[in-house]
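Down below is the structure, laid out as structure tokens.
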Amino acid sequence: LSGTPAVVLSNLGLPNQDLQTVVVEGSGVTFVNNVIGGPSQMVQIFLNLVAAAGGPRDEPSVLHGNAIGTDRTGTIDLSGGGNGVRISGSGNVGPHEIGGSGVGDGNIIRNMNTIGILVNGGVSGFIQGNEVSGNGQGIELGSTGEWDVMDNIIASNAFDGIRAFQSCPVALDC
């Protein structure tokens, strides 16, 4: 899928369907109220934030209200391998939103064998109001880009809750 011009993906993966991996290249993607899960080795939302041919590089992408690795209630394990949300790219200023402060904006990201939210490359944005639990690792921030990480529930991950390779992540307010 190409996100430039804007792509809106919503209400995918309804009960008894098997939507396992969504790969989007581009920016300006709105991904809202989806269920991603199943027996695949790669259950994830992967946003590769690069400009489509001739397109802008700074359109923000939004992930709100998604259930990844679980059903909408967070009670049924729809786990798989891979990362729940993986965002990469360079030069795409955003700001990109994983969750938010409004009612229903947060995502539930559970039961991933690797990382709940993985951000690498020079992209920036915020991770807010999500539940990130039961994963191999909660959130990993790469060495470039600037991310605000706030008001999340990060619990019961096998390894680190937040692993930051940035020299001073905004979440730590150095």
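The values are calculated or read from the model by the stated rules, or taken from the named source; none is laboratory data. All figures in this text were calculated on a predicted structure; none of them were measured in a lab. Calculation scope for accessible area: heavy atoms of the full protein, side chains included, ligands and nucleic acids excluded. Shrake-Rupley method; radii C 1.70, N 1.55, O 1.52, S 1.80 Å.
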All alpha-carbon distances of the range 80-129, grouped into 5 Å bins from 0, give the whole-percent distribution 5, 20, 25, 21, 20, 8, 0
When the solvent-accessible surface of protein heavy atoms is calculated with a 1.4 angstrom probe, in what order do S133, S101 fall, highest first?
S101, S133
